[in-house]
1. If you roll a 1.4 Å probe over the chain with all protein chains in place, what percent of the accessible area is carbon or sulfur?
2. Under a point spin-label approximation (7 Å from Cα along Cα-to-Cβ), what is the ASP113-ASP42 distance to one decimal in nm?
3. Placing +1 at every Lys and Arg Cβ and -1 at every Asp and Glu Cβ, with all other atoms neutral, what dipole size does the chain have around its Cα centre, in debye to the nearest 20?
4. Once both axes come from the Cα atoms, what is the angle between helix 71-84 and the longest principal axis of the chain, in degrees from 0 to 90, rounded to 10?
5. Lys/Arg Cβ at +1, Asp/Glu Cβ at -1, dipole of the chain taken about the Cα centre: which of PRO138, LEU115, PRO181 is farthest positive-ward?
6. Please tell me the relative contact order of region 91-207 in percent, rounded to the nearest whole number, where contacts are Cα pairs under 8 Å and at least six residues apart.
7. Please list 57-70, 187-200 highest first by mean number of surrounding beta-carbon atoms within 10 Å per residue.
8. Let me make sure I get this right: for region 91-207, a, b and c are the square roots of the gyration tensor eigenvalues over alpha carbons, sorted descending. Under 1.5 in a/c it's rounded, otherwise prolate if a/b > b/c, else oblate. Which is it?
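The values are calculated or read from the model by the stated rules, or taken from the named source; none is laboratory data. All values derive from a computational prediction rather than experimental measurement. Quick reminder, even Gly has a Cβ in these numbers, built from the backbone with ideal geometry, and neighbours come from all protein chains shown. With ligands, DNA and RNA removed, areas are computed over all heavy atoms of the protein, side chains included. Shrake-Rupley method; radii C 1.70, N 1.55, O 1.52, S 1.80 Å.
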Amino acid sequence: METLQQIRYEHLIAQSGSLLGLFDVGQLKQLGRIEASLPPRDFSLLYPFSFADLHLYDYPLLAHKFASLSEIEQCRVLDVALELATEHEGKALVAVSYQSGNAILLALGTQSDRLTELSIKYLESPLLQAMVDSAFEPDLYRLLRQAKVALESGVRESLELGLFEVACSEEFFIEKVLSFPLSAAFALDWGPDKDSFKRMKPTYLHEATVCSLR
């Protein structure tokens, strides 16, 4: 179970503004590569307060930018940068209701096992249960429950529901990977692949250009 400290940390991280307003994609990846090269024990002792002084001396522009951030922003930058340091591309796990037409984001990550783990954790979160009211948002409530059953059973396609891993735009991944999935507005591109019921499958997720699909 999550500790109170973890919940507070994740809440604070999610409140920060746009990361791409602070660093571009290349700079974030560079920070991630530097992070990933450090011994885990040494890094944890210095995180994030001395990171610029100790590890960015060869990158004066990055060091100046990083040192100018608040402590919360520094934490978020380093967390996201480390996610980007993996050799794998960012992916999203989404649930699509063929009853209501709604689609929801369950998790962002780079590994299938991790996506499943994060999705189950999210669907069991007391915060999610407190935020979604079955009386006022029946379609969303039903879709969340169906997604949990599908993940637990391993049956990802049915007449009512589909769970899909889709490629994710780099920009969306950077901005949303540490955010609570319920608040993420997104759009899906579909086809040409079809599921076992001959329905078009979503293939790509990116930032929404209109209001949230929730």
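1. Details: 6480 of 11920 Å².
Heavy-atom surface of the chain belonging to carbon and sulfur, 1.4 Å probe: 54 percent.
2. Placing both labels 7 Å along Cα→Cβ, they lie 2.8 nm apart.
3. 440
4. 70
5. Highest projection toward the positive end goes to PRO138.
6. It comes to 28 percent, rounded to a whole number.
7. Listed from highest to lowest mean packing, they are 57-70, 187-200.
8. Working: a/c = 1.42, a/b = 1.06, b/c = 1.34.
Rounded, because the longest to shortest axis ratio a/c is under 1.5.
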